[in-house]
1. Under a 1.4 angstrom probe, counting protein chains only, how are Val24, Val29, Val12 ranked by accessible area, largest first?
2. When only Cα pairs under 8 Å and 6 or more residues apart are kept, what is the percent relative contact order across the chain?
3. Give, in nm to one decimal, the length gained when the segment between Lys23 and Met44 is fully stretched (0.36 nm per residue of separation minus the Cα-Cα distance).
4. Expressed as a whole percentage, what fraction of the accessible surface of the chain belongs to carbon and sulfur atoms when a 1.4 Å probe is rolled over the protein heavy atoms?
5. Can you give the accessible area per residue of the chain, in Å², using a 1.4 Å probe?
6. Please sort by residue number the GluC sites (Glu not before Pro) in the chain whose DSSP state is loop and whose Cβ has at most 15 other Cβ atoms within 10 Å.
7. Using alpha carbons only, how many degrees (0 to 90, rounded to 10) separate the axis of helix 35-45 from the longest principal axis of the chain?
8. In the full protein assembly as shown, how much of Lys3 is accessible to a 1.4 Å probe, in Å² to the nearest 10?
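The values are calculated or read from the model by the stated rules, or taken from the named source; none is laboratory data. Just so we're clear, the structure is a prediction, and the values are computed from it rather than from any experiment. Neighbour counts are summed over all protein chains in view; Cβ atoms, including those assigned to glycine, are modelled from backbone coordinates with ideal geometry. Side chains are part of the model used for accessible areas, which takes the heavy atoms of the whole protein and leaves out ligands, DNA and RNA. Shrake-Rupley method; radii C 1.70, N 1.55, O 1.52, S 1.80 Å.
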Amino acid sequence: MVKYEVMFYFGVHHINPFLMPSKVVEVEVDKTLEENEIIACALMKLEGNRPRTYATKVKKIIW
């Protein structure tokens with residue numbers, strides 16, 4: 001299992017370096033998953049707050 005930090009930027013298609021993330025979600029998933037599957041796991045953790053337009057950034061948490 002590997003921990004990832006998924007940063008969501010709501011209402012944008014591309015990440016601007018000056019924007020702060022709207023929501024940050026930590027997920028612990030199997031290391032064989034691809035980036036889009038990690039994002040899907042993080043979307044499931046958002047409690048009913050699933051916007052239509054968003055950009056994401058996935059960062060592996062290293063201990």
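1. Val24, Val12, Val29
2. RCO, the chain: 51 percent.
3. Once the chain is fully extended between Lys23 and Met44, it gains 6.2 nm.
4. Taking all protein chains in place, the chain shows 52 percent carbon and sulfur surface.
5. Averaged over the residues of the chain, the accessible area is 77 Å².
6. Working: sites: Glu5, Glu26, Glu28, Glu34, Glu35, Glu37, Glu47; in loops: Glu34, Glu47.
Sparse-neighbourhood loop GluC sites (Glu not before Pro): Glu34, Glu47.
7. Rounded to the nearest ten degrees, it is 80.
8. 60 Å²
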